[in-house]
Amino acid sequence: MSHPTRQALIEAGFALASTESLNHITVDAIVKQAGVAKGTFYVHFADRAAFLLALHVHFHGLCCKNAGDLVSSASMRGRKRSSMYGEAEFV
């Protein structure tokens with residue numbers, strides 16, 4: 001699992017990327033969004049390029065997780081599943 005501060009920086013970058021292009025996201029904007037000092041950024045990332053790579057990996061990890069969830073959900077459609085509440089059919 002990632003260090004909480006590193007994760008906060010990545011989440012800040014992800015939030016900024018939802019409103020701006022990656023070319024316009026600065027280290028200053030990232031640390032401001034994350035609420036950490038600029039030096040803290042460089043404890044976790046060698047430079048902006050390393051951060052963008054981590055952001056890219058995070059994004060694709062979310063995509064894979066969401067795709068897996070969708071596949072799992074789709075594979076349950078039309079099947080009955082027993083639970084403590086009785087049987088349920090997935091549609």
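The values are calculated or read from the model by the stated rules, or taken from the named source; none is laboratory data. Bear in mind the structure is a predicted one, so any value in this text is a computation, not a measurement. So basically every Cβ, Gly included, is an ideal-geometry build from the backbone, and we count neighbours across all protein chains shown.
Condition first: surrounded by 14 or more Cβ atoms within 10 Å (Cβ to Cβ), at pLDDT below 95 and in a helix (DSSP H, G or I). Can you find one or more residues in the range 29-46 that meet it? Before you say what the answer is, go through the steps one by one.
Of the range 29-46, the ones surrounded by 14 or more Cβ atoms within 10 Å (Cβ to Cβ) are 29-31, 33-34, 36, 40-42, 44-45.
Now drop any that are not at pLDDT below 95, which leaves none.
No: the range 29-46 contains no residue that is surrounded by 14 or more Cβ atoms within 10 Å (Cβ to Cβ), at pLDDT below 95 and in a helix (DSSP H, G or I).
When you scan the range 55-66, do you find a residue that is among the aliphatic types (A, V, I, L, M) and either assigned to a loop (DSSP other than H, G, I, E, B) or at pLDDT 75 or above (or both), even just one?
Initial filter on the range 55-66 (among the aliphatic types (A, V, I, L, M)): 55, 57, 62.
Those still in the list that are either assigned to a loop (DSSP other than H, G, I, E, B) or at pLDDT 75 or above (or both) too: 55, 57.
So far as the range 55-66 goes, yes, one or more of its residues are among the aliphatic types (A, V, I, L, M) and either assigned to a loop (DSSP other than H, G, I, E, B) or at pLDDT 75 or above (or both).
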